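Structure first, commentary second.
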Amino acid sequence: MILFPAIDLKGGQCVRLKLGDMQQATVYNTDPAAQARSFEDQGFEWLHVVDLDGAFAGHSANGDAVEAILKATDNPVQLGGGIRTLDHIEAWLSRGLRRVILGTIAVRNPALVIEACRKFPGHVAVGIDAKGGKVAVEGWAEASELGVIELARKFEGAGVAAIIYTDIDRDGILAGINWSSTLELADAVSIPVIASGGLASLDDVRRMLEPDARKLEGAISGRALYDGRIDPKEALALIKAARAKETA
């Protein structure tokens, strides 16, 4: 079980959105590289990065900030937002990125995702962002008619490293993870699922350590970490204790 701290990039700064609305962005740090170092120093093992501008533009828009992050931390980094081609994927992986997260293209061109998994095994994740139970694309700006589980099942057996599932209706408002839909997705596919959107407190961390949630790879936390609602030391201690119990 992994707790992924999030760095969302808008205009080269670390921000958090409210309900996926680019007009409701709170700036938390003007130096993404420093934020990445801080998360590593706190004991986090991974980093989740989203190029918000890139997600809307359809191409990398915060490349300099991402490269600075990669140079600043030894932690593995997964990146989503505006990655739409095999060339994009290869370019980022060659710079030291551990995983690319494909969202819009997973809806528009699932065959490309499958090809990417074949070409870059273990380095491709799929981002499924849902609003009202339907998949949203283009930086959450457009809704599709595709159901979450329907989309996820397209990639069974393809070698997808993980599915990052975000409930947009809870993102950035500290309402708590949508555990019912997240666990329903995890039950429906064999691909590891990472919960995203709404993680609000240590109670959510404890919830993801319950037996029925152990199937998840982990969860992503953003605003709750930046606002101090989750103490990193306490959260990571809970996870460490749960891991020790599993291996005992």
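Points to keep in mind about this one:
- Test result for residue 100, open to solvent by less than 30 Å² (accessible area, probe 1.4 Å) and part of a strand (DSSP E or B): yes
- Residue list for segment 45-61, filter: open to solvent by less than 10 Å² (accessible area, probe 1.4 Å) and either in contact with a Leu (Cβ under 8 Å, 6 or more places away or on another chain) or assigned to a helix (DSSP H, G or I) (or both): 49, 51, 54
- Boolean, residue 99 is under 14 Å from the mean Cα position of the chain (by Cα) and among the charged types (D, E, K, R): yes
- You will find that of 235, 224, 200, 241, the residue that is assigned to a helix (DSSP H, G or I) and open to solvent by 10 Å² or more (accessible area, probe 1.4 Å) is 241 and no other.
- Flag if residue 37 is at pLDDT 95 or above and open to solvent by 10 Å² or more (accessible area, probe 1.4 Å): yes
- Entirely in segment 103-195, the helices (runs of 4 or more DSSP H) that have 3 or more residues that are at pLDDT 90 or above and charged (D, E, K, R): 110-119
- Residues satisfying the stated conditions in segment 196-248, i.e. on the phi > 0 side of the Ramachandran plot and either without any contact (Cβ under 8 Å) to a residue 24 or more places away in the chain or touching a Gly at 6+ places or on another chain (Cβ under 6 Å) (or both): 198, 228
- Pair list, Cβ < 7 Å and 6+ apart or interchain, from segment 78-102 residues that are closer than 15 Å to residue 62 by Cα and aromatic (Phe, Trp, Tyr) to residues that are surrounded by 15 or more Cβ atoms within 10 Å (Cβ to Cβ) and modelled with pLDDT of 95 or more: 92/79; 92/100
The values are calculated or read from the model by the stated rules, or taken from the named source; none is laboratory data. The shown structure was predicted, so the numbers you read here are calculated from the model rather than taken from an experiment. Positions of Cβ are generated from backbone atoms using ideal geometry, with glycine treated the same way; all protein chains shown enter the neighbour counts. Note: accessible area is taken over every heavy atom of the protein model, side chains too, but ligands, DNA and RNA are not part of it. Shrake-Rupley method; radii C 1.70, N 1.55, O 1.52, S 1.80 Å.
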